[in-house]
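**Student:** Structure below; questions to follow.
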């Protein structure tokens, strides 16, 4: 049962293999087994690759199964179309396009499996890339808000500087009128004279302006700080909203690119392994000596070719004979006197009929 299944996988004629020696049966069972297990590996690799795309096990399993069937059919076609000839180089030339196709299939199959085999190393590379992308993203978003934040902070500093400057001016006026009262500066007279009163009034006026400036400044600063907090919240929100995109940066293309940043040596040998598996049936058929199955298959093809050629020749002979007979029959008819007289009479009747119709038509035109 299993042996016949592998025969079917190899694309061989099972009826001919039943009549072939054991060695031929084993050889084609091995070729079919290679084709089958290559398709199984294709199913696994294709399913994993599609799982990284759809992130759904059922969808990945379905499309992986379809991919495995496609690879199975291609491999079976490649092996079944190679025919043994009497010249090795002709066989190799015949198989060369199939070998190229087998190599392409091997590359396609091996790549998803490499992604799975080196998954931990790829995750490390992706983590570094995500961290770098996170920093770059924060920097880029920060640049969008830097100018606006700097403007608001500058306005807050300007308001505070005005308050501080006014407060310094009021303090200086306070020191001035106190010194005037103590007689240490100004008129140098102890007591609260007219000059002291004038300086005190000026200080009180400036103190009132300072109080008003502080009240309006506090309101403006509060408003600016609210605006500043909104800008920073927007910046944080934009960073938070874009972070899931960075966190999800682990699709198929990202993993393939990350695999390319790893050492090429292990990946190359895995590729060589799959190339050897994929091309093994082709080379096995090319390099193996011509066996009993190949002879029986060639004999069957030759018999069919001869039968088709015979049918073509027979149809050509029938056509040629029929053409010759038709020419002879119509030649004899042309010499028959009775046929001649009959056709002559019919020609006369036809001419009379044409004349009568022409006369009638002309009479209608002339009104007669």
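The values are calculated or read from the model by the stated rules, or taken from the named source; none is laboratory data. On a predicted model such as this, the values are computed, not experimentally measured, just so you know. Reconstructed Cβ throughout: ideal geometry from the backbone, glycine too, with neighbour counts over all protein chains shown.
**Student:** Might you check whether a residue that is exposed (fewer than 13 other Cβ atoms within 10 Å of the Cβ) and modelled with pLDDT of 80 or more occurs anywhere in region 183-194?
**Tutor:** No - not one qualifying residue is present in region 183-194.
**Student:** If you don't mind, another one. Going by the structure shown, is residue 310 touching a residue at least 60 places away in the same chain (Cβ under 8 Å) and closer than 30 Å to residue 91 by Cβ?
**Tutor:** Working: touching a residue at least 60 places away in the same chain (Cβ under 8 Å): no; closer than 30 Å to residue 91 by Cβ: yes.
Taking the combined requirement at face value, the residue does not satisfy it.
**Student:** Please work out if residue 242 is touching a helix residue (DSSP H, G or I) at 6+ places or on another chain (Cβ under 9 Å) and within 30 Å of residue 34 (Cα to Cα).
**Tutor:** Against the criterion (touching a helix residue (DSSP H, G or I) at 6+ places or on another chain (Cβ under 9 Å) and within 30 Å of residue 34 (Cα to Cα)), residue 242 does not qualify.
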